[in-house]
Amino acid sequence: MSHSNTVGGREPRGLILDFAGVLTAGPRTVLRAWCVSEGLASGAWGDALGAHPMGRRLYAALEIGEIGQAEWNERTAPLLGGHIDPVNLMGRAWAEVPPAHRMIALAHAARAAGHRLALLSNSFGLDPFNPYEHVGVWDLFDVHVVSELVGMAKPDPAIYQLTLERIGLPAERCVFVDDHAVNLPPAAELGITTVHMTHEGAAVAELESLLGVTALPTG
């Protein structure tokens, strides 16, 4: 095996990362604060998107690209409250969700070491608010598998298979990180090593060990 095919003496691996809650902090606190700032109950966002039947349908349609973010904004704002401005609704609610700096540093270190990186994200729209550009992580990745663009979403097993095809590495050489436990079993069944992101520091330490890299401090 030629040296060009090794990373620090080992074969390059594929690092597959979820976006929200992995490359960003968990959004719940920011979304609850935004609701209060808009004169809503703190749990209004979760209720509208997760408990309201129409809200669930609209969000599921947004995830797989059946509707765009602008249409989602227009149709979801009334579910939150009659006084809610639909213009850039998703962007206004998400704007203050902070990046996960240590995980992003880990991703930079993995890429610098020669590992291949794939973004595997259940989308919440790209226009007018592009969350990946907002956080500044799009260009980190060799491969982008965004549910809106491929017409399917996690935990559909087919989206993991597509990610493997695009990253060009066998499942056994890949690691997948997600903050939602339900999204991990389909990856594991394909032979992908899975990491459940419940604490950023712990997840970064596990990935450093798996990939043989060190996430350098940022800022």
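The values are calculated or read from the model by the stated rules, or taken from the named source; none is laboratory data. Every value quoted in this text rests on a predicted model; they were computed, and no experiment measured them. In this analysis, Cβ positions are derived from the backbone assuming ideal geometry, glycine residues included, and neighbour counts consider all displayed protein chains. Accessible surface areas use protein heavy atoms only, side chains included; no ligands, DNA or RNA. Shrake-Rupley method; radii C 1.70, N 1.55, O 1.52, S 1.80 Å.
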Alpha-carbon centroid distance for the pair region 48-113 / region 132-168, whole angstrom | 16
Roughly what angle does helix 200-211 make with the longest principal axis of the chain, taking Cα atoms, 0 to 90 degrees, to the nearest 10?
-> 30
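Share of the chain's accessible area from carbon and sulfur, percent, 1.4 Å? If you can, show how the numbers build up before the last one.
On the way: 5260 of 9960 Å².
Carbon and sulfur atoms account for 53 percent of the accessible area of the chain.
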Percent RCO, i.e. relative contact order, over region 66-219, from Cα pairs under 8 Å lying at least 6 residues apart = 24
What is the helix-to-structure angle for 69-80, meaning the angle in degrees between its Cα long axis and the longest Cα principal axis of the chain, kept from 0 to 90 and rounded to the nearest 10?
-> 50
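Calculate the dipole size of the chain relative to its Cα centre from +1 charges on Lys and Arg beta carbons and -1 charges on Asp and Glu beta carbons; express the result in debye to the nearest 20.
Working: 14 positive and 24 negative charges, 65 e Å.
Dipole size: approximately 320 debye.
Full extension from L149 to H134: what is 0.36 nm times the residue separation minus their Cα-Cα distance, to one decimal in nm? Walk me through the numbers on the way to the answer.
Working: separation 15, 0.36 × 15 = 5.40 nm, distance 1.80 nm.
Taking 0.36 nm per residue and subtracting the Cα distance, the gain is 3.6 nm.
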Is the shape of region 141-193 best called rounded, prolate or oblate, per the rule: a/c under 1.5 gives rounded, else a/b larger than b/c gives prolate, else oblate, with a ≥ b ≥ c the square roots of the Cα gyration tensor eigenvalues?
-> oblate
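Antiparallel DSSP bridges in the chain: what percent, to the nearest 5?
Numbers: 2 of 18 bridges.
In the chain, approximately 10 percent of DSSP beta bridges are antiparallel ones.
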Estimated vicinal HN-Hα couplings, Hz - region 34-48 in sequence order (Karplus 6.51, -1.76, 1.60; Gly, Pro = x) | 4, 4, 4, 5, 9, x, 9, 5, 4, x, 5, 4, x, 5, 5
Answer label, with Rg and Dmax of the Cα atoms in Å calculated from the coordinates and candidates (1) 18.1, 64; (2) 16.3, 47; (3) 17.9, 54 = (1)
For region 60-153, the per residue accessible area (1.4 Å probe, Å²) is 40
The extension gain from E189 to V87, computed as 0.36 nm times the residue separation minus the Cα-Cα distance, is 32.6 nm
Extension gain from E172 to A95, taking 0.36 nm per residue of separation minus the Cα-Cα distance = 24.1 nm
